[in-house]
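In what follows, a single structure is set out as structure tokens and then discussed.
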Amino acid sequence: MPSIATLVIYLIGGTSIGLLMLLTGIPAAPLAGALIGAGLVGVSGRLEIPQWPPGTRTALQIGIGTIIGAGITKDSLEQLQILWKPAVLITMTLVLTGVVIGLWSSRLLGIDPLIALLGAAPGGISGMSLVGAELGVGAAVAALHAVRLITVLLVLPVIVKLLAPLGLPDS
């Protein structure tokens, strides 16, 4: 099948499941849904991996960076003046834990250390998948982050609801 037709089929798969996931109300559902939809097309084994037009990856990285950057406001910088200590502590703990878990998983489960490290990294699915893609392991990293993201998005709201009687806000 010509590569543009393959690309369109992947886009339809990702878009349709991404839009369907909007109905769940889960945070970041369209992203997770698009990943699942495009992944299902790829897993079918009927199509080759699509060849994206030159510059697409760069445009997507700029778009994702812009979306994330647009969330940084004066208010968030003011909050950071108050929250910088927890931000540093949480970041250092997550990075260190990610490295330890990644290396441990690699050794224990026999997977490629690069995949394990990027898969255990605390970054978001889009950013880590793009980094993985540049290093030639994007699909595996995306799969690990998809499992993590979907699990967290499904489990954490339940945990918050269970802990709400202990004084957590129930918003």
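The values are calculated or read from the model by the stated rules, or taken from the named source; none is laboratory data. Not measured: the values here are computed from a predicted model. Glycine also receives a Cβ, built like all others from the backbone with ideal geometry; neighbour counts cover every protein chain displayed.
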- Determine, yes or no, whether Thr93 is assigned to a helix (DSSP H, G or I) and surrounded by fewer than 11 Cβ atoms within 10 Å (Cβ to Cβ). no
- Note on the structure: Contact list, first residue from the range 5-27 and not assigned by TED's automatic domain parsing to the domain that holds Ala146, second anywhere and outside any helix (DSSP H, G or I), beta-carbon distance below 7 Å, six or more apart or interchain, is Thr6/Leu47; Thr6/Glu48; Thr6/Pro50; Leu7/Pro50; Leu7/Trp52; Ile9/Leu47; Tyr10/Pro50
- Task: Could you tell me whether the range 104-112 includes any residue that is surrounded by 10 or more Cβ atoms within 10 Å (Cβ to Cβ), of a type in the set (Gly, Ala, Ser), touching a Pro at 6+ places or on another chain (Cβ under 8 Å) and touching a residue at least 12 places away in the same chain (Cβ under 8 Å)?
- Result: no
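Would a scan of the range 59-68 turn up a residue that is among the polar types (S, T, N, Q), surrounded by 13 or more Cβ atoms within 10 Å (Cβ to Cβ) and within 17 Å of the chain's Cα centre (by Cα)?
Yes: the range 59-68 contains one or more residues that are among the polar types (S, T, N, Q), surrounded by 13 or more Cβ atoms within 10 Å (Cβ to Cβ) and within 17 Å of the chain's Cα centre (by Cα).
Does Gly18 satisfy the criteria of being under 16 Å from the mean Cα position of the chain (by Cα) and surrounded by 10 or more Cβ atoms within 10 Å (Cβ to Cβ)? Reasoning before the result, please.
Numbers: under 16 Å from the mean Cα position of the chain (by Cα): yes; surrounded by 10 or more Cβ atoms within 10 Å (Cβ to Cβ): yes.
So Gly18 fits the description; yes.
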- Message: Among the residues that make up the range 127-134, is at least one of them closer than 30 Å to Ile9 by Cα, more than 20 Å from the chain's Cα centre (by Cα) and touching a residue at least 40 places away in the same chain (Cβ under 8 Å)?
- Response: no
- Message: Take Gly69 and tell me if it is part of a helix (DSSP H, G or I) and either under 30 Å from Pro50 (Cβ atoms) or among the basic types (Lys, Arg) (or both).
- Response: yes
- So Ala133 fits all but one of (1) in contact with a Leu (Cβ under 9 Å, 6 or more places away or on another chain); (2) assigned to a helix (DSSP H, G or I); what number is the exception? (1)
- Does any residue of the range 74-89 turn out to be touching a residue at least 12 places away in the same chain (Cβ under 8 Å) and part of a helix (DSSP H, G or I)? no
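Tell me, please, whether a residue that is hydroxyl-bearing (Ser, Thr, Tyr) and surrounded by 17 or more Cβ atoms within 10 Å (Cβ to Cβ) can be found in the range 162-171.
No, that holds for no residue.
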- Residue within the range 25-39 that is exposed (fewer than 12 other Cβ atoms within 10 Å of the Cβ) and over 17 Å from Gly138 (Cβ atoms) present: yes
